[in-house]
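Inspection log for the structure reproduced underneath, given as structure tokens.
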Amino acid sequence: MLPRWQGGLAAAAVTALAVALIVLELVDRSMRRFWATHALTSDTVAGLLAVALTVLVVDQLVNRRQVGQQSRAIAAHAAIMLSQARRSVRAALSVRDDPAQRQAANDELRTYLLVLLIGAPVLISTPVARRFLERAQALAGEIAGRLAPGEQGPLRRVSSGNLEDAVDQLRAAAGPLLATLTPGERSAVADDSA
């Protein structure tokens, strides 16, 4: 399958060649006589042009459909990731008030990291999705840094400001990706603060 711009360029070139041959046949008497006396050649050229144009147009249609489906898959991954990020941040913030919640927060972070790992191959395909992935990774690092024990062993105090800012940045980066989902699809995977 050709990239979108190459397929479009090839389809335009084949169309231009077909139009040029038609115009030459209408304008040039010797060209018309050539095509009339060489039936096999004219049929072969016409058939090849028709097949090439059909294949290129179908390729473009399939390419557009795949891009649409891929953008929906990217949006679904982003929505799931955003929801898990919010849960991880809530769990990390709960450790501030109750240090006994550390294991639960680590479990939420681990789940978030798994979601990141699974979604990374899909999210790396476009620049907008890549920016979202970078923000998601930065948030994971921020949460992990907050949950890591300090030098003397006690848990560092978790600041809600930095984590909430990181989630807001992640939500902002997810906006363009989530636009391809219907409201029902968004609500099916959205976190409670979306």
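The values are calculated or read from the model by the stated rules, or taken from the named source; none is laboratory data. In this text, all values refer to a predicted model and were calculated from it rather than measured experimentally. Positions of Cβ are generated from backbone atoms using ideal geometry, with glycine treated the same way; all protein chains shown enter the neighbour counts.
Here are the numbers:
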| item | result |
| --- | --- |
| Members of the stretch 101-137 that are farther than 14 Å from residue 78 by Cα and either modelled with pLDDT under 90 or not small (Gly, Ala, Ser) (or both) | 101, 102, 103, 106, 107, 108, 109, 110, 111 |
| Residue within the stretch 2-14 that is among the aromatic types (Phe, Trp, Tyr) and at pLDDT 85 or above present | no |
| Single unsatisfied condition, residue 89 versus (1) at pLDDT 90 or above; (2) more than 20 Å from residue 132 (Cα to Cα); (3) of a type in the set (Val, Ile, Thr) | (2) |
| Residue identified as touching a residue at least 12 places away in the same chain (Cβ under 8 Å), polar (S, T, N, Q) and farther than 30 Å from residue 122 by Cα among 54, 15 | 15 |
| Filtered residues of the stretch 94-128 (kept if free of Cβ contacts under 8 Å to residues at least 40 places away in the same chain, surrounded by 12 or more Cβ atoms within 10 Å (Cβ to Cβ) and among the polar types (S, T, N, Q)) | 94, 101, 111 |
| Residue check for residue 75: at pLDDT 90 or above, surrounded by 14 or more Cβ atoms within 10 Å (Cβ to Cβ) and assigned to a helix (DSSP H, G or I) | no |
| Some residue of the stretch 52-73 being of a type in the set (S, T, N, Q) and touching a Phe, Trp or Tyr at 6+ places or on another chain (Cβ under 8 Å) | no |
